[in-house]
1. Mind listing whichever residues of the range 198-218 are buried (at least 23 other Cβ atoms within 10 Å of the Cβ) and of a type in the set (Gly, Ala, Ser)?
2. If I filter the range 101-109 for residues that are touching a Phe, Trp or Tyr at 6+ places or on another chain (Cβ under 8 Å) and among the acidic types (Asp, Glu), do I get at least one hit?
3. Pick out the one residue from 229, 184 that is surrounded by 15 or more Cβ atoms within 10 Å (Cβ to Cβ), over 23 Å from residue 23 (Cα atoms) and modelled with pLDDT of 95 or more.
4. Filter the range 21-49 down to the residues that are among the small types (Gly, Ala, Ser), under 13 Å from residue 3 (Cα atoms) and touching a helix residue (DSSP H, G or I) at 6+ places or on another chain (Cβ under 6 Å) and list them by number.
5. Residue check, residue 77 against (1) within 20 Å of residue 206 (Cβ to Cβ); (2) assigned to a loop (DSSP other than H, G, I, E, B); (3) not charged (D, E, K, R), all met but one. Which one?
6. Please count how many residues of the range 31-59 are over 17 Å from the mean Cα position of the chain (by Cα) and either under 23 Å from residue 93 (Cα atoms) or surrounded by fewer than 19 Cβ atoms within 10 Å (Cβ to Cβ) (or both).
7. What residue, of 54, 119, is over 18 Å from residue 33 (Cα atoms) and without any contact (Cβ under 8 Å) to a residue 12 or more places away in the chain?
8. Considering only the range 154-186, state which residues are outside any helix (DSSP H, G or I) and within 17 Å of the chain's Cα centre (by Cα).
Amino acid sequence: MSLEACAERVRRADPERFAALMAAPPADRPALAVLYALNAELARAPWVSAEPMLAEMRLQWWRDVIAAETTGPAVPHEVATPLGALIRSRALPSAVLDGMVTARIWDVWRAPHADEAALWAYLDATGGGLMWLAAHVLGTEPAQESAARAVGQALGLANYLRAVPQLESRGRIPLPDPRPEAVAALAHAGLTRLEVARGQPLPKGALLAAHLARPVLLLVARAPERVAAGTLILPEFTKRWRLLWQGLTGRL
């Protein structure tokens with residue numbers, strides 16, 4: 001049930017977030033590793049079975065475990081056990097955790113998002129919720145929740161747009177409006193969310209996870225056709241430089 005096991009899960013499932021984890025201050029890494037491992041588990045759960053009901057049962061398992069862990073150790077598990085300790089020691093808001101689980105039900109089924117507002121609600125519950133939990137465990141005051149969520153929404157959008165071809169290949173309809181102008185408008189809305197958070201007292205360790213959000217969204221805003229083409233690819237140099245630059249400056 002080690003924190004090293006959580007970090008290893010993040011390394012395998014989410015290399016970019018793992019790089020951000022390793023660049024975070026050492027004192028921040030244990031809590032972030034647990035949260036990022038939970039996110040990896042929830043993101044993976046809808047795709048572990050071709051049978052939707054089995055995938056939804058996996059998500060329900062996580063909901064039940066999270067609820068049980070709020071009062072004491074429950075089922076021994078490499079991620080759930082350290083997560084439970086974090087829930088109890090840092091008073092993680094159960095509604096945010098439950099929202100992260102519930103939002104992933106959309107990934108299980110093939111129904112499209114009803115509209116753009118529904119897509120943003122999904123991005124807020126997943127990316128926004130995770131960023132707020134990361135900021136929360138690193139000592140951020142509740143007054144900064146909206147700023148933290150704005151960063152998470154922008155990061156969630158950047159990652160989501162990169163995943164559009166894969167989602168379509170799996171029979172999903174990821175975008176309420178796939179026209180290039182609508183996709184570009186989404187990117188601009190994501191960039192606006194990053195601006196909301198500029199200058200806010202948010203912890204660098206949490207913000208590092210969003211080091212690629214701006215360059216990806218700028219690329220979409222300029223060339224929205226890249227989303228459908230699956231060519232939102234950043235050079236490795238850009239990835240490393242953005243992480244280093246943000247680590248040094250703390251700026252998004």
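The values are calculated or read from the model by the stated rules, or taken from the named source; none is laboratory data. As the structure is a prediction and not an experimental result, all values here were calculated from the model. When we count neighbours, we look across all protein chains shown, and the Cβ atoms used for this are built from the backbone with ideal geometry, even at glycine.
1. Listed by number, the residues that qualify are 205, 206, 209, 210, 213.
2. As a first pass, look at the range 101-109 and keep what is touching a Phe, Trp or Tyr at 6+ places or on another chain (Cβ under 8 Å): 101, 103, 106-107.
Right, trim to among the acidic types (Asp, Glu) and you get 107.
Within the range 101-109, one or more residues are touching a Phe, Trp or Tyr at 6+ places or on another chain (Cβ under 8 Å) and among the acidic types (Asp, Glu).
3. 184
4. Selection gives 31, 33, 37.
5. So the condition that residue 77 fails would be (1).
6. Matching residues across the range 31-59 total 10.
7. Working: 119 fails: without any contact (Cβ under 8 Å) to a residue 12 or more places away in the chain.
Unique residue meeting the criteria: 54.
8. Step one: filter the range 154-186 for residues outside any helix (DSSP H, G or I), giving 163, 170-179.
The answer is 163, 174.
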